[in-house]
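Read the structure below first, then the notes.
Throughout, read-outs are computed from the coordinates displayed, never taken from laboratory work. Since we're looking at a predicted model, the values are computed, not measured. Note that we place each Cβ from the backbone using ideal geometry, even for glycine, and neighbour counts take in every protein chain shown.
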Amino acid sequence: MSELKKRLLSILESPKHNTEEKLEKVCHLLDQEISYFNWTGFYFKNGDKDELKLGPYVGAPTDHTIIPYGKGICGQVAVSNETFVVPDVNEESNYLSCSIDTKAEIVVPIFKDGKNIGQIDIDSHTIDPFTEEDKELLEWLCNEVSKIL
Ligand code: SME
């Protein structure tokens, strides 16, 4: 297991922090360790509503604190149940802009008991920065996060 995965696990398994604090620390660690991760945050299903609500994040404040299912990259992942890698956000018509600096985005769903209950969302200021390794890391992370929810 990579050093970064070990550090992420130790945050998630720490008895000293609540879930909110753990997710915030996870965002901070990813932001710190991966230079092209420029906004890192979680969205979760908002109760019974078909919409996402912003959770812990690191980066510039966003207007998109609530995202209806189907809208933007995040809303599409809420219904597709699949990781969405966007190498260049200018190529996407169904996209919600948070910052003019954002060039690329990756959104990975989080499943609990087989249900899509949220996601991790990363924005980058670099075009096409995300690797297969990033995708694998984030999918692994979402699986680990699901265990503490
Ligand atoms: N760009 C996202 C909205 C969330 S912000 O990136 C923080 C989208 O299109 O769903």
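Would you mind checking Lys25/Lys135; Lys16/Lys103; Lys5/Lys53; Lys5/Lys45 for any pair whose Cα atoms are more than 28 angstrom apart? Exceeds cut-off: Lys16/Lys103.
Footprinting exposure proxy ranking of Ser99, Ser10, fewest other C-beta atoms within 10 angstrom first, gives Ser10, Ser99. Among residues other than Tyr43 with Cβ under 15 Å from its Cβ, the summed charge is -2 (Lys and Arg +1, Asp and Glu -1).
Arrange the following residues from fewest to most other Cβ atoms within 10 Å of their Cβ: Ile66, Ile34, Ile122.
Ile66, Ile34, Ile122
Reported to the nearest whole Å, the Cα centre-to-centre distance from segment 1-57 to segment 58-79 is 16. The residues packed around Lys16, meaning those with a beta-carbon under 11 Å from its beta-carbon, carry a net charge of 0 if Lys and Arg are +1 and Asp and Glu are -1.
State the Kirkwood hydrodynamic radius of the chain in Å, one decimal place, computed from all pairs of distinct Cα atoms.
This gives a value of 15.3 Å.
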